[in-house]
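Structure first, then comments.
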Amino acid sequence: MDEPVLLTGAGGRVGQAILRGIGDDYEWRLLDREPLPAVKVPDGVTDADRYVADITDPDAVREAMDGVGAVIHLAGDPRKTAPWDSVLRNNIDGTQVVMRAAVDTGVEKFAFASSNHAVGGYETDDRTPDLYRPDDGYRLDGTELPRPGNLYGVSKAAGESLGRFHHDEHGMSVVCVRIGNLTKDHPPREYERGQAMWLSHRDCAHLFDRCLQADYGYEIVYGISNNDRRYYSIERAREALGYDPADNSADYTFEGEPKGDDGETTEGDEPAGDGGFPNRDDAPAEPNFPTDPDTPTDGA
Ligand SMILES: NC(=O)C1=CN([C@@H]2O[C@H](COP(=O)(O)OP(=O)(O)OC[C@H]3O[C@@H](n4cnc5c(N)ncnc54)[C@H](O)[C@@H]3O)[C@@H](O)[C@H]2O)C=CC1
Ligand SMILES: O=C1O[C@H](COP(=O)(O)O)[C@@H](O)[C@H](O)[C@H]1O
């Protein structure tokens, strides 16, 4: 990809996982409403390529979009408890502003951060908790209708529909990644559901790299690692994008410790993290909205 890639929400958890993995591989434009400290910015990204802007501001987004070849759109309210006024503004209106600017300026590829919560309603009482276990065969594969379990999930389903519209109407390639639960170094601790939908940092970076490299029309894929226990299929991500994840939550104990070859907990195993930026201290991203009270945030 020769043209710059615009990354919205660059300062957040997912944005930082991507930049730590593939930050040296592309020419970036980084947009976030919060100024990015140097520690969050890969070498080679100049001040001119950093945009402090709100995605609901069409002029600011249009300026950042000029000359861009692809977009990874992450900015938004990530809370499953987010109120309607916030998801309406940040997730629905903001996504329309970014997609509209993308089609207006001839962007070829657009990757949208959707969520497991777009389909959370399939986790019915009669399916759970079996659904979260490796011997349960139930799988969602991305062809099912959205079935949100909260207003945040509704906003993600709306973003997927906006992507469908802008693909059909304007020909832009759009991939919606229903991201599971991103944590660094180990799966979410003592959280069965989170372990079933774990997305490691390196698999996250690899997956969005494939979103930039592969050829597709309109796709909905699940963004999780190669977890033995899972209820999301990653077959479409493999087929359409060439996604080949490296990590599996089954390689960790329920408490999040790496298992050895014999299945026992080991000391000093290489964690499924990322290389980090060269010559930089690790700087974990903090969510910029108040944290969900019931969301495990360790290692995210
Ligand atoms: N972290 C996860 O496990 C998952 C994340 N997602 C989605 O991925 C995306 C990124 O999530 P995280 O990195 O976890 O969230 P985060 O809160 O860590 O990062 C979001 C970033 O977007 C920026 N932002 C928010 N609203 C903005 C606006 N109106 N204009 C400009 N910038 C704005 C924030 O300043 C922040 O840096 C979100 O859309 C979220 O819904 C989906 C599923 C799982
Ligand atoms: O969409 C999202 O999903 C993940 C996982 O959901 P959870 O219900 O298991 O917490 C969440 O951590 C993230 O904040 C959210 O944006």
Note the count of lysine pairs whose C-alpha atoms are less than 29 angstrom apart in the chain, limited to pairs 8 or more residues apart or on different chains. 11
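Quick check of the Kirkwood formula: for the chain, what is the inverse mean of 1/r over all pairs of different Cα atoms, in Å? Display every interim value, and only then the final one.
Details: mean 1/r = 0.0521 Å⁻¹.
For the chain, the Kirkwood estimate is 19.2 Å.
Label the range 39-90 by shape, choosing from rounded, prolate and oblate, from the square roots a ≥ b ≥ c of the eigenvalues of the Cα gyration tensor; if a/c is under 1.5 it is rounded, and otherwise prolate applies when a/b is larger than b/c, oblate when it is not.
Details: a/c = 2.53, a/b = 1.66, b/c = 1.52.
Prolate is the answer for the range 39-90, as a/c is 1.5 or above and a/b outweighs b/c.
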Ranked from fewest to most other Cβ atoms within 10 Å of their own Cβ, Met65, Met172, Met197 fall in the order Met172, Met65, Met197
Relative contact order, percent, the chain [alpha-carbon distance under 8 Å, six or more residues apart]: 20 percent
Taking the Cα centroid of the range 92-116 and of the range 185-253, what is the distance between the two, rounded to the nearest whole Å? 22 Å
Over the range 89-174, relative contact order from alpha-carbon pairs under 8 Å, at least 6 apart, %: 47 percent
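For the residues Val97, Val52, what sequence is obtained by ranking on other C-beta atoms within 10 Å, fewest first? Present the calculation step by step, with values, prior to reporting the outcome.
On the way: Val97 19, Val52 13.
Lowest count first: Val52, Val97.
Let a ≥ b ≥ c be the square roots of the eigenvalues of the Cα gyration tensor of the range 118-209; is it rounded (a/c under 1.5), or, if not, prolate (a/b larger than b/c) or oblate? Working shown, then result.
On the way: a/c = 2.25, a/b = 1.38, b/c = 1.63.
Judged from the Cα gyration tensor, the range 118-209 comes out oblate (a/c at least 1.5, b/c at or above a/b).
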Anyone know which of Ala118, Ala214, Ala48 comes out most mobile in the 10 Å Cα GNM of the chain? Ala48
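For a footprinting-style exposure proxy, rank His73, His201 by other Cβ within 10 Å, fewest first. Working shown, then result.
On the way: His73 24, His201 28.
Neighbour counts put them in this order, fewest first: His73, His201.
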Most mobile of Asp126, Asp228, Asp32 per a Gaussian network model of the chain (Cα springs, under 10 Å)? Asp126
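Bear in mind that the values in this text are calculations on the coordinates, not laboratory data. Since this is a predicted model, take the numbers as computed values, not measurements. A quick note on method: Cβ atoms are made from the backbone with ideal geometry, for glycine too, and the neighbour counts reach across all protein chains shown.
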